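The values are calculated or read from the model by the stated rules, or taken from the named source; none is laboratory data. Not measured: the values here are computed from a predicted model. Every residue, glycine as well, gets a Cβ built from its backbone with ideal geometry; the counts of neighbours run over all protein chains shown.
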Amino acid sequence: MLMSILRSVIAPLLILSATSAHAALPKIVAAAKPSVLAVGQWNLTSSPRFTFRGTGFVVGDGNQIITNAHVLPPAGETTFGNELRVRIITGAEAGTERTVTVVNVDRARDLAHLRMSGPALPALTLAGPDFVAEGSAVAFIGFPIGGLLGMAHVTHRGIVSSVTSIVLPPPNAGALTPRAVAQLREGAFTIYQLDGTAYPGNSGGPVFDVDTGQVIGVINMVLIKGTRESSLSTPSGISYAIPIRFVRDLLENR
């Protein structure tokens, strides 16, 4: 009898909670889109002039951008007419680019902190430094497959399926700076495994808690079962995100 009463009370609450989260997501997406930008290189003599490399998002004072370190071009490619820029996709300035400079990079955790020229844009709210619980519902916004789908924001949903440890290998030997080597010696760090499909182009995009709208992580990579091309035709559905506490450390230059 008692169990029957508990079910009759708990079940409606679970349905109400799921419904509330579902209703909140469209508002979170609409509010976040002006703060999610395309990161790439601009060259006056290229066609197209803007070459997309990944996703970034606005934080802090509205002129700071967070993205992945691997989204940045290799050293030297920002010379000879190439400029690192972000493209604004939403609002009155949609389709325009702003120049950015690199403030700081954490290659061991694949994060980059940029500063953008021009007027400030709306900044996203970062969650606290604590790790989120496994099973938490999340959504992430970015530009999967780059311009192939048209340069428009795309949102995916999922859950935090695991809070696990990992060591990210540097993309090349040139990334083995003394700081990166020291961080590798410290061992693995905590990362989120997501039950959601990210694609090339999502890298650097924000991951949101669908209940609060706060950013809890940064999309970093997707598990590929075969070749890189197979991530499009047969995606694994498993992606990874860097927890926001490491973004906070980078912004505080720790």
Before we move on, is Ile166 aliphatic (A, V, I, L, M), modelled with pLDDT under 95, closer than 23 Å to Pro34 by Cβ and touching a strand residue (DSSP E or B) at 6+ places or on another chain (Cβ under 9 Å)? no
Which of (1) under 27 Å from Ser165 (Cβ atoms); (2) without any contact (Cβ under 8 Å) to a residue 12 or more places away in the chain; (3) of a type in the set (Lys, Arg) does Arg109 not meet, given it meets every other one? (2)
For the stretch 170-196, name all the residues that are in a loop (DSSP other than H, G, I, E, B) and modelled with pLDDT of 85 or more. Asp195, Gly196
Determine, yes or no, whether Leu72 is surrounded by 14 or more Cβ atoms within 10 Å (Cβ to Cβ), at pLDDT 90 or above and either farther than 22 Å from Val210 by Cα or among the hydroxyl-bearing types (Ser, Thr, Tyr) (or both). yes
List the strands (runs of 3 or more DSSP E) that sit entirely inside the stretch 24-111 and contain at least 2 residues that are of a type in the set (A, V, I, L, M, F, W, C) and either more than 27 Å from Asp249 (Cα to Cα) or within 14 Å of the chain's Cα centre (by Cα) (or both). 36-42, 50-59, 64-67
So, of the residues in the stretch 108-121 that are surrounded by fewer than 13 Cβ atoms within 10 Å (Cβ to Cβ) and in contact with a Gly (Cβ under 9 Å, 6 or more places away or on another chain), which turns out to be nearest to Ile28 (Cα to Cα)? Ala120
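Yes or no, residue by residue, for (1) surrounded by fewer than 22 Cβ atoms within 10 Å (Cβ to Cβ); (2) without any contact (Cβ under 8 Å) to a residue 60 or more places away in the chain; (3) under 27 Å from Phe246 (Cβ atoms):
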{"site": "Asn43", "(1), (2), (3)": "yes, yes, no"}
{"site": "Phe52", "(1), (2), (3)": "yes, no, yes"}
{"site": "Gln64", "(1), (2), (3)": "yes, no, yes"}
{"site": "Val86", "(1), (2), (3)": "no, yes, yes"}
{"site": "Thr96", "(1), (2), (3)": "yes, yes, no"}
{"site": "Thr101", "(1), (2), (3)": "yes, yes, yes"}
{"site": "Asp130", "(1), (2), (3)": "yes, no, yes"}
Looking at Gly217, is it under 14 Å from the mean Cα position of the chain (by Cα), assigned to a loop (DSSP other than H, G, I, E, B), modelled with pLDDT of 95 or more and crowded, with 19+ Cβ neighbours inside 10 Å? no
Quick one: would you say Gly205 is out of contact with any Pro (no Cβ under 7 Å at 6 or more places or on another chain), closer than 24 Å to Ser35 by Cα, modelled with pLDDT of 85 or more and not hydrophobic (A, V, I, L, M, F, W, C)? yes
Scanning the stretch 132-154 for residues that are surrounded by 13 or more Cβ atoms within 10 Å (Cβ to Cβ) and over 22 Å from Ala69 (Cα atoms) gives Val132, Glu134, Ser136, Ala137, Val138, Leu148
